[in-house]
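All of the numbers you see were taken from the coordinates with simple rules; none came from a lab. These numbers were taken from a predicted model, which means no experiment stands behind them. As a convention, Cβ positions derive from the backbone with ideal geometry for all residues, glycine included, and neighbour counts pool all protein chains shown.
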């Protein structure tokens, strides 16, 4: 079963009346089944926030966008945590050849500072000799 089929299956379970849209009451029931507690008013607000066409109901596309968006946010948070491990100093906002060497050494990989300069240069878009978070994210993708 591919990802699209899985989304359709989940959507079908939530869409109790089979109209192709998830209403706030259907969303409320779904959240309740997985152990959450959502008032009808909260379900209406959630549906309004996730709704792409302004009808107050969620389409399959809306559901996919929410799930995929949450996954993307999670990936970015994971990358931010990894970036902080490699950063020169807390909050400096960049990975230097020395900080890269130090982290690789902690991971059991011995590299020279020159090796690390070469590694950084491959992804250093602006040529400043260090990696910003955006450059690091590109490197990790």
Report yes if some residue within region 4-25 is within 23 Å of the chain's Cα centre (by Cα) and not in a helix (DSSP H, G or I); otherwise report no.
-> no
Which of (1) surrounded by fewer than 12 Cβ atoms within 10 Å (Cβ to Cβ); (2) under 30 Å from residue 10 (Cβ atoms) is the odd one out, the single condition residue 107 does not satisfy?
-> (2)
Search result, residues across region 38-65 that are over 15 Å from residue 12 (Cα atoms) and surrounded by 15 or more Cβ atoms within 10 Å (Cβ to Cβ) | 38, 42, 43, 44, 46, 47, 50, 51
Just a yes or no: is a residue in region 81-102 exposed (fewer than 11 other Cβ atoms within 10 Å of the Cβ), within 16 Å of the chain's Cα centre (by Cα), outside any loop (DSSP other than H, G, I, E, B) and free of Cβ contacts under 8 Å to residues at least 40 places away in the same chain?
-> yes
Inspect all residues belonging to region 117-134 and state whether any of them is touching a residue at least 40 places away in the same chain (Cβ under 8 Å), assigned to a helix (DSSP H, G or I) and either over 30 Å from residue 26 (Cα atoms) or within 25 Å of the chain's Cα centre (by Cα) (or both).
-> yes
